[in-house]
Amino acid sequence: MGQNLQRGVRLRPVDLARGHDLSTQAIRNYEEAGILPPAARTPSGYRTYTPVHAVALRAFLALLPGHGHRTATAIMCAVNRGAADEAFRIIDESHAELLDDRRTLQAVENALRDLGPLTAPESDAGSEPAAAAGSGGTFIGPLAGRLGVRPATLRKWERAGLVRPGRDPHTGYRVYDEADVRDARLAHQLRRGGYLLEQIAPLIAQVRTAGGLEPLEATLHDWQGRLSARGRALLIGAAELETYLRERERDGVETGNPP
């Protein structure tokens, strides 16, 4: 339909809504929000749309899966007021966010792959014993030595929420159980990859939610699938938006930035 629009055809709100599982009120709301260009009015005040409005609607609906409602709305509003470059900038930001998400996923995958087995607890790491008696956990000194970091680093990670050690009831020392050691190792790998503590914290939370590293692998697979789906959705949205821009140009509507 994009290249063979019937000029002069008038459409009702229901004509636009039909086929998209939308209500006529949604069409009116889209127009009022600037997602669709302004409609003409009949002498009795009824809205009339054109095939170009139908192309605009398809563009907006195609933008939604990749950009989300707020960003897709901003893109369409920019185009409809003749600020195409602003729309392109908003689109670029969405692509940059997707690239950041891909890099984060790659960092987590690399960190998981690089997590080798830790050596056995040392018995001479500071004045603390290697493990808490009867707890199956380890103290901060031995864990820091096994990771190759300072105890102060582990305390900093704790303040950032990356690790959540308990306390030995007899000595008050921090005790890191198996899950804490796992989180510390993952944090260590991500820090080596250049990630900030505030970037690592939500990833550690995902590990905890998944219940460990093995369940997280399925989560990462799903994450990869969502990123791929979003990337494809961005392409589909871009294609429909380009169709709309071309139809606006054929209609003689300025699409560049206003002077």
Q. For residues in the stretch 78-101 being under 12 Å from G231 (Cα atoms) and among the acidic types (D, E), which is surrounded by the fewest Cβ atoms within 10 Å (Cβ to Cβ)?
A. E97
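Quick one: which of I90, I35 is of a type outside the set (G, A, S), at pLDDT 95 or above and either within 30 Å of L220 (Cβ to Cβ) or in the same structural domain as A187 (by TED's automatic domain parsing) (or both)?
On the way: I35 fails: either within 30 Å of L220 (Cβ to Cβ) or in the same structural domain as A187 (by TED's automatic domain parsing) (or both).
The match here is I90.
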Q.
Condition first: modelled with pLDDT of 90 or more and outside any helix (DSSP H, G or I). Now tell me which residues in the stretch 174-194 satisfy that.
A. R174, V175, Y176, D177
Q: Determine, yes or no, whether T255 is within 30 Å of F60 (Cβ to Cβ), surrounded by 15 or more Cβ atoms within 10 Å (Cβ to Cβ) and modelled with pLDDT under 85.
A: yes
Q: Select from the stretch 221-235 the residues that are touching a helix residue (DSSP H, G or I) at 6+ places or on another chain (Cβ under 6 Å) and either under 21 Å from A83 (Cα atoms) or not in a helix (DSSP H, G or I) (or both) and list them in ascending order.
A: L234
(Q) Return the pair list, or none, for Cβ contacts closer than 9 Å from residues in the stretch 27-42 that are over 18 Å from E240 (Cα atoms) and of a type in the set (K, R) to residues that are part of a strand (DSSP E or B) and at pLDDT below 95, at least 6 apart or on different chains. (A) R28/R47; R41/R47; R41/T48
Q.
So the check is Cβ under 6 Å with 6+ separation or different chains; which pairs have a first residue in the stretch 238-253 that's within 17 Å of D92 (Cα to Cα) and a second one that's part of a helix (DSSP H, G or I) and modelled with pLDDT of 90 or more?
A. E240/R58; E240/A59; E240/A62; L241/A59
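The values are calculated or read from the model by the stated rules, or taken from the named source; none is laboratory data. Just so you know, these numbers come straight off a predicted model, no measurement behind them. All Cβ positions, glycine included, derive from the backbone under ideal geometry; neighbour counts span all protein chains shown.
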